[in-house]
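Have a look at the structure below before the remarks.
Every number here is computed from the coordinates shown, using simple stated rules; none is lab data. Because the structure is predicted, anything quoted here is derived from the model rather than measured. Cβ atoms come from the backbone with ideal geometry, glycine included; neighbour counts cover every protein chain shown.
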Amino acid sequence: MVSAGRFQLICLSGKWLEVSAYPSPDGLSVYFRDKEERKRMQDSLREKEEQLRQITDNMMDVIMKVDTKGVVQNVSTSIRGEHERVGSCPS
């Protein structure tokens, strides 16, 4: 028995499509879904994340992400140079 499959492809025109294929009694059913808007939103989000990362990596202030147990999960690079190990804090 053949199982269902799903993948993304980019057309020669540059358009992104999601393709889903399912076995059926008559053969194979193939569905195409336009993923262009979702792809644009993902690219925009990735770009904004990179801009934010560049800002936080180059500022002099320290930004830390600490979990509910008080364990440091992430530290901005302004402090990482001196204290590379996440979880350690300066004296």
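Does the range 10-79 come out rounded, prolate or oblate, given a ≥ b ≥ c as the square roots of the eigenvalues of its C-alpha gyration tensor, rounded meaning a/c under 1.5 and, failing that, prolate meaning a/b above b/c?
oblate
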Computed E for residue 37/residue 4 - FRET, C-beta separation, R0 30 angstrom, nearest 0.05: 0.80
